[in-house]
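Here's the structure we're looking at; comments come further down.
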Amino acid sequence: MKLMGKDWGYINEGNAHIVLQLKHTEYVLRIIKDGTKISDFESVQKSVNFVNFVMYPLLCNSKCVQEVINIPLKELDELRKVLHTVRPENRRIKSVLSKYAIQTLNLTILSPKCPTNYCIEIKPKEGFLASRLKPLSKCYYCLKQYLKLEKSHIEEKSSYCPLDLFSGNKERMKLALMNLIDNPQNNLKLFDNGQVIYHANSTKNDFTEIIRRIDIFHSIMQFLEFIIEILLKDIKKDNDCFEDISRGAGYYPLKVKDECITKTDRDQKRFHNSFLYKLLQIQKLSDNINIDVKAIEDEGMEYVETLVNQVQAQNLNLNVDQHREWFLKSIDPVHAALLSAIAKDCSIMICFSPNFLEEFSYIQLGTKKISYRLSVTDLEPKKIKSLLKRKETESRMIDICKNIQSQFLFRIQPHTETRAKQLEAWEQLITEYLKNNKLSTIDIRESQNSPLFNNVSINRKLSQESILTILEDMARSGKAAPVDKSRTVWEVYWHSLDEWGNMMYNWASGNGMTNSVCTLFELREGDNTSEEEFHGLDMNVLVKALKALEAKGKCELMEFDDSQGVKFF
Ligand SMILES: O=P(O)(O)O[C@@H]1[C@@H](OP(=O)(O)O)[C@H](OP(=O)(O)O)[C@H](O)[C@H](OP(=O)(O)O)[C@H]1OP(=O)(O)O
Ligand SMILES: Nc1ncnc2c1ncn2[C@@H]1O[C@H](COP(=O)(O)OP(=O)(O)OP(=O)(O)O)[C@@H](O)[C@H]1O
């Protein structure tokens, strides 16, 4: 069948749109999948205006040409039937198509004039560690991998981390892209003249074969350098700046890490005029904004018109730095969070061709000039309720991650580096627990009754043998010592003996107590020390700390008939 008199082909689809290319033209149709609510012309037009006048200018320097098209109902019905056979099964659940479609540039091709067009699509996701996730040191994408695994949406966790891609550090960016190639999921695709040739089920060998077949790059590494160059390029100098990147070679080893690396700023700032940095800035608009989304009652789409009206009434060009900064500062925080949500879910499309075309930017590769265009898709407005959904997803992911982290804690790891991290985590847990409960001893035989070592909520106990391993490790750095020969009862020093001694000495000298005698009872339980950290300290630890102070000549311990005392000098 033809679509509005044109040959067409299926490109791909997401949750909300099916994208069809209109062959021999430079356009695609983004067919809207209708849910319970049928799209009306006015709302589709508002959404298109929002992309044209707000989202696209915020992110790209070129002009966006989206328009609303009316598909004849007869064609739409036929299209639905034909599409059924080409759509992936997991997407077929939504099959009501709107008669209003969005016509826009085909971003998988540079131009229908080029016989060969390639495109890489990257859905980069959130490129920074959101404040709420900092305690876990895991970014949103990496956390969501646990959730996807739990729901069997993926078979294997990806090692891709958006923080690497957005770091501005070229080596880390290569690592990010390599990890995407290894496990692309819905974050990486390659197209050849609009046909997907690399997708979620492809393997790295397929990628090697594709790069060989494309016959532009001499290795995957060189291809990645080409992509990185485009992502970091100063968009203001787009047409006159080119670089020879033909040195690309070598293999960057894939690393496995269990924390997302946040150290980026210095590199990122060097690229403040790049597309990647602009995208990150919009994504970051949501951080540190605490919005009570539940309190917002409307359908949550009014902002679409409000923002377009503001841009038009004030004649703003959001390509221009000053206009953009002013605009972003002046808008409602909820609206800023919505812009951020869109930027966190968009796709970067880089199409390129070995057929040089003057009207496009290019990268010099040895003697070849590779024309390209960088663009973004999926910039449609999101509903306010998607902010709420995200908050809930975050909370679930935090719980899953905490569970996994504590399960990991309960089996002492054999691998030296992992084991060292695990012991460190346990030492911290033990000291904090004892400190909060004003305790100083652990009896290993009774440990199974302690909530510290017996986590009922996840049904995990730490074995007596493992507890001994941890305490022995703490003893090596003077943070614990066995009390008995069988090494079952241990004193744990959440401050070292020296630190305790100094605290008592400072208290005595600060309160005019030097050269006079006070009993250990007064020191430990008297009203004068009730505000001090050593108040209530275990008697054995207190005496040991005073003995260490005595050895330094700063006090003298004394025995009376029925009690002990100390004189500070
Ligand atoms: O927030 P996330 O990470 O769950 O993103 C959703 C995407 O999941 P994924 O990229 O696979 O993690 C999700 O992608 P998929 O459909 O899984 O390919 C959609 O992009 C969804 O957007 P919308 O609600 O349809 O507008 C996205 O939802 P929102 O951007 O509306 O939150
Ligand atoms: N203008 C375009 N030109 C060519 N291909 C496109 C274009 N826009 C989107 N695509 C392709 O179609 C896919 C689906 O489009 P898009 O991401 O816009 O759908 P969506 O349903 O809005 O996504 P989501 O699931 O994130 O809501 C994209 O991942 C991309 O591969």
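Here the spin labels are modelled as points 7 Å beyond Cα on the Cα-Cβ line, and at Asn288 and Leu429 they lie 3.3 nm apart. Enter the Cα centre distance for the pair segment 380-446 and segment 1-31, rounded to the nearest angstrom. So the two Cα centres are separated by 48 Å.
Across all directions, the average projected area of the convex hull around the alpha carbons of segment 118-391 is 15.8 nm².
Here the peptides 122-135, 31-44, 77-90 are ranked by packing, the mean other Cβ count within 10 Å, and the order with the highest first is 122-135, 31-44, 77-90.
With Cα atoms as the point set, segment 499-568 shows a radius of gyration and Dmax of 10.7, 29 Å. Averaging Cα coordinates gives a centre for segment 83-115 and one for segment 157-228; these two points are 23 Å apart.
Placing a label point 7 Å from the Cα of Val65 along the Cα-to-Cβ direction, the residues of segment 7-25 whose backbone N falls under 17 Å of that point are 21-25. Ranking Phe410, Ser386, Ser361 by Cα position along the charge dipole of segment 361-435, where only Lys, Arg, Asp and Glu carry charges on their C-beta atoms, puts Ser361 farthest toward the positive end.
Each peptide among 147-156, 21-30 gets the average number of other Cβ atoms lying within 10 Å of its residues, and from highest to lowest they stand as 21-30, 147-156. Using Cβ point charges alone (K and R +1, D and E -1), the dipole size of segment 499-568 about the Cα centre works out to roughly 380 debye.
Taking a ≥ b ≥ c as the square roots of the Cα gyration tensor eigenvalues, with a/c under 1.5 meaning rounded and otherwise prolate when a/b beats b/c, else oblate, which class fits the chain?
prolate
First compute the accessible area of the chain with a 1.4 Å probe, then give the percent of it belonging to carbon and sulfur atoms. Ligands and nucleic acids excluded, carbon and sulfur reach 48 percent. Altogether, the Stokes-Einstein calculation at 10 °C and 1.306 mPa s, with the Kirkwood radius of segment 446-494 over Cα pairs as Rh, returns a diffusion coefficient of 138 µm²/s. Dividing the Cα radius of gyration of segment 8-105 by its Kirkwood radius returns 0.96 for Rg/Rh. In terms of the mean number of neighbouring beta-carbon atoms within 10 Å, the peptides 168-177, 556-565 order highest first as 168-177, 556-565. A Förster distance of 30 Å, applied to the separation of the beta-carbon atoms of Lys237 and Lys157, puts the FRET efficiency at 0.15. In order along segment 355-361, the Karplus-derived 3J(HN,Hα) couplings, from 6.51 cos²θ - 1.76 cosθ + 1.60 at θ = phi - 60°, round to 7, 5, 10, 4, 6, 10, 5 Hz, and Gly and Pro are given as x.
Apply the a/c threshold of 1.5 to the C-alpha gyration tensor of segment 322-419 and tell me whether it is rounded, prolate or oblate. Note, shape of segment 322-419 comes out oblate.
Computed on the Cα atoms alone, the convex hull of segment 86-205 gives a volume of 180 cubic angstrom per residue.
Anisotropy class assigned to segment 410-492 is rounded, per the alpha carbon gyration tensor with a/c under the 1.5 cut-off.
Annotated for segment 355-489: lysine pairs at least 8 residues apart or interchain, Cα distance under 30 Å, count 26. Taking each DSSP H run with n ≥ 4 as -39500 (n - 2.57) and averaging over every residue of the chain yields -12000 deg cm²/dmol at 222 nm. Rounded to the nearest 20 debye, the dipole magnitude of the chain is 2100 debye, with +1 charges on Lys and Arg beta carbons, -1 on Asp and Glu beta carbons, and the Cα centre as origin. Taking Cα atoms only, the orientation of helix 385-409 departs from the longest principal axis of the chain by about 40 degrees.
Only Lys, Arg, Asp and Glu carry charge here, each on its Cβ (+1 for the first two, -1 for the last two); on that basis segment 410-492 has a dipole of about 120 debye about its Cα centre.
Potential lengthening of the chain between Asn511 and Ser406 amounts to 33.4 nm, from the contour at 0.36 nm per residue minus the alpha-carbon distance. Under 5 Å from the amide H of Leu365 lie the amide H atoms of Ile370, each residue being 5 or more positions distant or on a separate chain, with H modelled from the backbone and absent for Pro and chain starts. Computed over protein heavy atoms with a 1.4 Å probe, the accessible surface of segment 499-568 works out to 54 Å² per residue.
The values are calculated or read from the model by the stated rules, or taken from the named source; none is laboratory data. Keep in mind the model is a prediction, meaning the values are calculated, not measured. Every residue, glycine among them, receives a Cβ derived from its backbone with ideal geometry; neighbour counts consider all protein chains shown. Ligands, DNA and RNA are stripped out before the accessible areas are found, and what is left, the full protein with its side chains, is counted by its heavy atoms. Shrake-Rupley method; radii C 1.70, N 1.55, O 1.52, S 1.80 Å.
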